[in-house]
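Quick notes on the structure that follows.
FYI, it's all coordinate maths here, none of it is from the lab. Only a predicted model underlies this, so the values are computations on that prediction, with no experimental measurement involved. Note: ideal-geometry Cβ built from the backbone for every residue, glycine included; neighbour counts use all protein chains shown.
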Protein chains: 2
Amino acid sequence: MSQPSATHLNETHDPSLTSWVARANDNEVGFPIQHLPFAIFREQGTSQAFRPGVAIGDQIIDLAALASLKPFDGQAAVALAACTGTSLNALMALGDAHWSALRLALSRALRKGAAMQAQLEPLLVAQTRAQYSMPAQVGDYTDFYISIHHATAGGKQMRPDAPLLPNYKWVPIGYHGRSSSLVVSGHDVLRPVGQLKPATPDGDPTFGPCQRLDYELEMGVFIGTGNPQGTRIPIEQADKHIFGLCLLNDWSARDIQYWEYQPLGPFLAKSFATTISPWIVTREALEPFRIPFSRPATDPQPLPYLMSESVKGGGFYDIHLTAQLSTDQSRKAQVAPTTLTDTNLDQAYWAISQLVTHHTVNGCNLQPGDLFGTGTMSGPAPEQAGTFNEISIGGKQALQLPWGEERKYLMDGDEITLQGECVKPGYPRLSFGQASGRILPAVI
Amino acid sequence: MSQPSATHLNETHDPSLTSWVARANDNEVGFPIQHLPFAIFREQGTSQAFRPGVAIGDQIIDLAALASLKPFDGQAAVALAACTGTSLNALMALGDAHWSALRLALSRALRKGAAMQAQLEPLLVAQTRAQYSMPAQVGDYTDFYISIHHATAGGKQMRPDAPLLPNYKWVPIGYHGRSSSLVVSGHDVLRPVGQLKPATPDGDPTFGPCQRLDYELEMGVFIGTGNPQGTRIPIEQADKHIFGLCLLNDWSARDIQYWEYQPLGPFLAKSFATTISPWIVTREALEPFRIPFSRPATDPQPLPYLMSESVKGGGFYDIHLTAQLSTDQSRKAQVAPTTLTDTNLDQAYWAISQLVTHHTVNGCNLQPGDLFGTGTMSGPAPEQAGTFNEISIGGKQALQLPWGEERKYLMDGDEITLQGECVKPGYPRLSFGQASGRILPAVI
């Protein structure tokens with residue numbers, strides 16, 4: 001596989017590196033020394049302060065504890081010193097040179113044969129013992145809509161005559177989301193209540209629990225350094241502002257959404273909960289998985305402010321994404337979850353760096369810890385549909401589950417688990433962990 | 001004027017009270033002892049920490065300095081102790097009993113003949129010497145759309161066949177806004193740049209400075225105490241969660257908006273800047289200005305979750321609102337600004353308490369310091385139009401300005417100043433101060 005021009009590989013990406021943490025070298029585990037994602041964690045069942053950690057194998061290295069040893073110099077030391085709070089915002093604010101220096105220092109310290117092994121071993125916490133919190137304090141959360149397949153499939157149900165609007169191929173469409181109700185994997189999700197779309201166009205709305213509760217398989221993008229209000233982030237600089245990626249489930253109440261969304265967009269249909277995975281996979285770790293930006297030649301090409309050599313050469317990422325469903329019945333019967341969605345971030349119509357630049361083109365200021373959602377990453381094939389709304393064609397067609405039940409939308413007790421991974425020949429597998437949430441009955 | 005049933009008047013609302021701060025008793029000034037709004041301020045040209053203050057006459061009482069004197073007892077003491085930071089969030093989080101206790105203690109301390117006068121006099125800062133910052137750290141900002149006249153006027157331009165959508169009379173329509181770009185009165189506003197709506201339906205968008213820059217005369221609502229995720233704020237409790245109101249200018253780039261807003265709502269058309277006034281007028285101060293909720297009998301009445309005796313008896317507020325324009329030319333000629341909009345919050349179709357309850361009906365959590373915008377408060381008369389888009393009928397008809405210029409939208413150098421006041425016979429006038437911003441040329 002030829003290397004795309006826009007990757008920035010360095011010592012930390014050497015596929016032959018191994019770690020003294022044994023399970024780091026196991027491809028099944030998915031947290032090799034080439035990976036090193038960040039989370040905020042503490043030990044379960046304790047009242048410890050939450051603190052930053054980095055995954056290595058089946059362990060977490062406690063960065064707050066490591067910081068107290070002052071083991072690094074220069075930018076790595078500054079970056080590590082920013083890893084003592086209850087969120088990653090301070091680290092995010094430092095910028096990509098500091099993130100990279102810390103990554104290199106951690107890579108060297110965790111390598112097989114590293115002199116620091118004895119010093120670091122006591123700072124490891126088993127992932128099985130960890131409890132996670134939100135990795136960052138999110139000031140603003142923006143949800144985009146970058147799969148043209150999702151936009152078309154969803155659009156068909158609301159506007160059969162014009163599923164894809166004229167702006168889609170020009171504008172990376174996005175809207176502001178709700179920050180306060182972001183939760184980390186494992187939080188239960190209460191079925192929302194609200195005004196539901198009338199059964200007939202002239203009918204009155206009903207009030208009650210959502211009957212068309214859905215998931216949306218997305219990725220989250222954490223912004224590292226921001227920009228002052230009134231300035232723009234040029235497309236050539238956009239990558240430097242991206243701290244990393246996670247999984248994101250944009251839970252959606254379709255019957256609330258279709259009633260409320262005109263003319264100002266989705267609101268209560270989305271704001272009851274949005275679940276993310278605890279691990280933020282850094283942009284630097286994803287460099288080996290860049291792929292060129294591509295778009296049909298018959299489509300309008302992005303306006304100049306959204307294009308660069310870096311976008312052209314490696315604007316997209318190859319990240320395999322799945323959504324799995326278990327139900328009360330399947331768990332009781334101890335049947336494995338079924339895969340609802342099997343897709344890839346390569347289905348994007350817009351590059352993530354283009355989202356950063358577009359978001360700031362009007363002078364809007366981004367801040368460290370801001371979160372973007374990509375929008376549902378559906379592909380064109382049926383198994384790539386990233387929502388029940390697409391799978392059931394707006395509730396018209398039930399999905400048969402392997403254990404005998406059927407679903408058009410989510411029922412109480414249903415659990416959705418998003419997973420992601422980067423896989424390519426000759427390189428260790430990188431896991432995104434998971435973003436999981438179970439539906440609890442509505443409270444009236 | 002008969003007293004509506006839902007007001008909660010107390011000692012602090014006695015119209016006969018006067019203050020030992022001389023200008024507090026001058027109706028022209030608009031900050032009487034019945035008022036006592038909150039801001040975050042410091043003295044201009046200093047590097048002092050910003051801190052909470054309360055307006056009285058032409059002065060500000062420095063609450064951080066007052067807190068160090070520990071002059072109050074009980075809930076007033078607790079509330080005052082929360083007034084030492086650089087935002088009002090800590091005070092907001094305490095709840096309405098504490099806000100009310102602090103208001104009563106301040107009212108007593110500032111009254112003519114108060115024993116505390118000598119102690120408080122050194123803590124006054126003249127408003128002419130003050131610099132303001134954002135009164136709260138806003139976690140999430142939600143913009144509503146509660147004037148049916150604005151919804152209809154704006155709707156006509158985008159959907160001439162169906163200006164008012166079927167959901168409008170059922171759902172208090174709102175959308176998530178951008179928190180990071182909220183600014184306080186006095187900040188200049190850079191003309192935004194972006195993709196502009198094509199001239200013809202099949203045309204390509206252009207890229208450049210917004211040509212249809214607009215203001216929107218709104219009010220802001222600061223949430224005090226929030227609610228845990230998964231719970232709702234019942235309509236009977238909603239008022240208790242409202243800390244206070246301010247002025248809000250939702251600057252809007254119409255040519256960006258009309259290109260980007262389908263299907264997910266306004267985004268970059270709004271996110272470059274939103275200006276608020278520095279003073280938050282507490283809900284308690286506004287009690288004497290409540291007026292009954294009203295709606296044409298032929299319209300659907302609000303669903304039960306949105307109605308209460310309190311809404312019925314006093315759900316609306318009588319707040320007089322204006323927007324004024326000055327230009328480079330008018331200021332050079334020393335001509336007074338011209339009034340673009342002269343309206344009132346009584347044009348609302350939804351009560352503010354209904355917005356609180358609706359926002360949380362799905363379990364969405366509000367947090368102290370969250371901000372709502374009401375949406376443009378246009379009334380049915382031409383002089384009540386709250387945007388240039390309504391005044392110029394979408395840019396079709398120029399407004400003649402008294403000094404010889406004309407305008408369809410905002411030009412560089414134009415300054416919009418929002419003002420608000422509560423006025424009724426036999427009660428001192430309450431001023432909202434102002435929310436002002438001047439347009440600077442785009443930076444390309």
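Which angle between 0 and 90 degrees, to the nearest 10, do you get for helix B:148-158 versus the longest principal axis of chain B when only C-alpha atoms count? That helix lies at roughly 30 degrees to the long axis.
Taking the centroid of alpha carbons for each part, region B:316-384 and region A:318-358 are 42 Å apart.
Each Lys and Arg Cβ is given +1 and each Asp and Glu Cβ -1; about its Cα centre, region B:6-133 then shows a dipole of about 200 debye.
Legend: ranking of residues B:E309, B:E287 from fewest to most surrounding C-beta atoms inside 10 Å; resulting order B:E309, B:E287. Over region A:6-133, the alpha carbon radius of gyration divided by the compact-protein estimate 2.2 N^0.38 Å works out to 1.00. Modelled label positions at A:Q119 and A:D188, each set 7 Å beyond Cα in the direction of Cβ, lie 4.5 nm from each other.
Helix B:96-110 and the longest principal axis of the Cα set of chain B meet at an angle near 60°.
Listed from fewest to most Cβ neighbours within 10 Å, the set A:H13, B:H359 follows the order A:H13, B:H359. Per-residue shielding of A:179-192, expressed as the average number of other chain Cβ atoms within 10 Å of the residue Cβ, stands at 3.
Take each residue in B:255-263, count the other chain C-beta atoms within 10 Å of its C-beta, and the mean is 6. Find out how many positive minus negative residues lie around A:V29, taking Lys and Arg as positive, Asp and Glu as negative, among other residues whose Cβ is under 13 Å from that of A:V29. Surrounding charge for A:V29 is -2. Computed across chain B, the Kirkwood hydrodynamic radius from all distinct Cα-Cα pairs reaches 22.5 Å.
A convex hull fitted around the alpha carbon atoms of the protein assembly as shown yields 173 Å³ per residue. Around the Cα centre of region B:141-440, unit charges on the Cβ atoms of Lys, Arg, Asp and Glu (plus for the first two, minus for the last two) sum to a dipole of about 180 debye.
For the pair region A:182-258 / region A:270-285, the C-alpha centres are spaced 12 Å from each other. Adding -39500 (n - 2.57) for every DSSP H run of four residues or longer, then dividing by how many residues chain A holds, sets the calculated 222 nm ellipticity at -4500 deg cm²/dmol. Excluding A:F289 itself, what net charge comes from residues whose Cβ is under 12 Å from its Cβ, given Lys and Arg +1 and Asp and Glu -1? Once positives and negatives cancel, what remains is -1. Mind telling me which of B:S47, B:S326, B:S16 comes out most flexible in a GNM of chain B, alpha-carbon contacts under 10 Å? Its mean-square fluctuation being the largest, the pick is B:S47. Each of B:L366, B:L196, B:L63 was scored by other Cβ atoms within 10 Å of its Cβ. Arranged with the fewest first, they read B:L196, B:L366, B:L63.
Max-minus-min Cα coordinates of region B:384-444 on each principal axis give 50, 27, 22 Å, with the largest extent listed first.
The charge dipole of region A:150-218, taken about the Cα centre with unit charges on the Cβ atoms of Lys, Arg (+1) and Asp, Glu (-1), comes to about 140 debye, rounded to the nearest 20.
Out of all DSSP beta bridges in region B:160-290, what portion is antiparallel? Express it as a percent rounded to 5.
Taking every DSSP beta bridge with both residues in region B:160-290, the antiparallel ones total about 85 percent.
Label-point spacing at B:D328 relative to the other copies reads 6.9 nm, in ascending order, each point sitting 7 Å out from Cα along Cα→Cβ.
In a DSSP loop and with at most 13 other Cβ atoms within 10 Å, the trypsin sites (Lys or Arg not before Pro) in region A:380-418 are A:K396.
For the pair region A:81-160 / region B:63-106, the C-alpha centres are spaced 39 Å from each other.
GNM remark for chain A: springs join alpha carbons under 10 Å apart, and the peak mean-square fluctuation among A:G244, A:G220, A:G413 falls on A:G413. Farthest towards the positive end of the charge dipole of chain A, among the residues A:L325, A:I233, A:P425, is the Cα of A:I233, using unit charges on the Cβ of Lys, Arg, Asp and Glu. Just checking the listed ones, A:T298, A:T12, A:T46: in the Gaussian network model of chain A with Cα springs under 10 Å, the one fluctuating most is A:T298. As a quick test, which of the pairs A:K270/A:K332; A:K156/B:K169; A:K240/B:K270; A:K197/A:K396 have an alpha carbon distance above 20 angstrom in this structure? As for pairs spanning more than 20 Å Cα to Cα, those are A:K270/A:K332; A:K156/B:K169; A:K240/B:K270.
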